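Worksheet for the structure shown next.
The values are calculated or read from the model by the stated rules, or taken from the named source; none is laboratory data. No experiment lies behind these values; they were computed from the predicted model shown. Neighbour counts run over all protein chains shown; Cβ positions are idealised from the backbone, glycine included. SASA here: full protein model, heavy atoms, side chains in, ligands and nucleic acids out. Shrake-Rupley method; radii C 1.70, N 1.55, O 1.52, S 1.80 Å.
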Amino acid sequence: MSKRLQTYDAPGISVTFDPDRCQHTARCLAALPRVFDVTRSRWIRPELATAGAVAAAIEQCPSGALQYALTNAEGPGKPAV
């Protein structure tokens with residue numbers, strides 16, 4: 001049974017997490033523990049760091065379970081490559 005895709009939005013960035021792809025390497029937790037904290041019920045809080053810092057942490061995800069799209073006042077931006 002697949003788990004549902006989780007989405008977390010903050011100014012400048014939209015983060016998605018696919019629990020079915022996660023390999024639990026905890027790189028996100030080590031990279032930005034203020035944003036990624038599994039002890040909270042809403043474990044991803046992208047508003048607690050800059051969009052650039054969140055994107056840099058997500059880029060360390062080896063499984064691709066974490067993805068992001070940079071956004072602006074006009075709406076969604078291009079997803080990161």
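Averaged over its residues, the chain has an accessible area of 64 Å² per residue, based on protein heavy atoms and a 1.4 Å probe.
Over the chain, what percent of the accessible surface lies on carbon and sulfur atoms, probe 1.4 Å? Mind showing how you got there, number by number?
On the way: 2810 of 5200 Å².
Accessible surface attributable to carbon and sulfur in the chain totals 54 percent.
Projecting label points 7 angstrom from Cα along Cα→Cβ for Thr7 and Leu48 puts them 2.3 nm apart. Other residues whose C-beta falls under 14 angstrom from the C-beta of Ala10 contribute a net charge of +1, scoring Lys and Arg +1 and Asp and Glu -1. For semi-axes √(5λ) of the Cα gyration tensor in Å, the candidate list reads (1) 29, 13, 10; (2) 19, 14, 12; (3) 20, 16, 11; the entry that matches the value derived from this model is (2).
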